[in-house]
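Pasting in a structure now, in structure tokens, and then I'll have a few things to ask.
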Amino acid sequence: MASGSVSQSPPVLPPVPAGPEPFFRARGLAALIAALDDAVISHRGPGGDAVVVVVGGRVLDAIAEPPHGSPLVGLEALNAIDAIEGSGPRAATLDRRLALVLPTYWREPDRLPPIPGRWADLRGVTEAIVRRSRRGVVVLTSRSDTGVIFFDEEGMVAAYSQRHPEPGPLDLLHELLTETDTVLWARIADSATPAIRPAEIPRHHDRQQEEPIAALPDPTERCRAQIVDMVESILHLHAEPVVARFRSAPATASGLMMAADEIRRLRLRLVSPATMDRIADHAEEIVRSMSRRT
């Protein structure tokens, strides 16, 4: 006779991995996406919850869980996030391999029946699944925690859980793997299914069609957006003259660096020269960081 835990499916949204939070505060989801590189964005609130995966400044995939109705994925999820009330989106930077494989949590079907820990060696089962040389995720659910082990064609990518959100090795989930009330679920991509690519969101359960998502700004424009958000977070009501200078700068690294240099000499009422120097320093570092990545 199956226990009650066997019939309990994993949560609709995956546990969100921990990672460094960007220092800037973007206003709105679009600005936040444009300023990120590889990251996961979570949005929580009474109007529903959502998760967005960003790779290289473009949306890779998204899922939203409204309070009523079925989960939404891809473009439908992005459209729904605009209407979600809550504390606003929060971002954490990720290793690119983890970002690329994270959507398998909601895109791939369960390939095995749920396996209770009291019936099997869950660590051995997990290691056997990861050796299959496909993309996917092993989900471990118990009364106290939900853990995930993501893997791709090269092997295991990372393991983490709600209680231990920092991605790490399989040993991080030792308790879940040895608890008798844990249930294992395996969601594995078909060998013929191509990996989701940035800027493309396939329809749920219909990979014959793909919905191209509009290309987001190129690296220089993402850099400009990040600088503008930084300026607004520091200067607030006094930001407009500085923001205007960066917005009018040529769309090149040297153009943004010239604008930063001009900001050092700009004098505003109620804003100290030291603050202007700090803004210029931050802007130059953002531009240098972009140049190193491109």
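The values are calculated or read from the model by the stated rules, or taken from the named source; none is laboratory data. Only a predicted model underlies this, so the values are computations on that prediction, with no experimental measurement involved. Reconstructed Cβ throughout: ideal geometry from the backbone, glycine too, with neighbour counts over all protein chains shown.
Within the set of pairs 6+ apart or on separate chains, which have a first residue in segment 27-53 that is among the hydroxyl-bearing types (Ser, Thr, Tyr), a second that is outside any loop (DSSP other than H, G, I, E, B), and C-beta atoms under 6 Å apart?
42/51; 42/90
Using the structure shown, decide if residue 256 is outside any loop (DSSP other than H, G, I, E, B) and not assigned by TED's automatic domain parsing to the domain that holds residue 34.
Taking the combined requirement at face value, the residue satisfies it.
Of everything in segment 220-243 that's free of Cβ contacts under 8 Å to residues at least 40 places away in the same chain and crowded, with 23+ Cβ neighbours inside 10 Å, which residue is farthest from residue 260 (Cα to Cα)?
So the residue we want is 224.
Condition check ((1) more than 17 Å from the chain's Cα centre (by Cα); (2) modelled with pLDDT of 90 or more; (3) among the aliphatic types (A, V, I, L, M)) across all residues:
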{"site": "65", "(1), (2), (3)": "no, yes, no"}
{"site": "74", "(1), (2), (3)": "no, no, no"}
{"site": "78", "(1), (2), (3)": "no, no, yes"}
{"site": "84", "(1), (2), (3)": "yes, no, yes"}
{"site": "102", "(1), (2), (3)": "no, yes, yes"}
{"site": "106", "(1), (2), (3)": "no, yes, no"}
{"site": "118", "(1), (2), (3)": "yes, yes, no"}
{"site": "127", "(1), (2), (3)": "yes, yes, no"}
{"site": "133", "(1), (2), (3)": "yes, no, no"}
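May I pose another question? Take the conditions assigned to a loop (DSSP other than H, G, I, E, B) and not small (Gly, Ala, Ser) and apply them to residue 180. Does it pass?
Considered against the rule, which asks whether it is assigned to a loop (DSSP other than H, G, I, E, B) and not small (Gly, Ala, Ser), residue 180 comes out as yes.
Among (1) part of a loop (DSSP other than H, G, I, E, B); (2) touching a residue at least 40 places away in the same chain (Cβ under 8 Å); (3) among the hydrophobic types (A, V, I, L, M, F, W, C), where does residue 119 come up short?
For residue 119, the failing item is (2).
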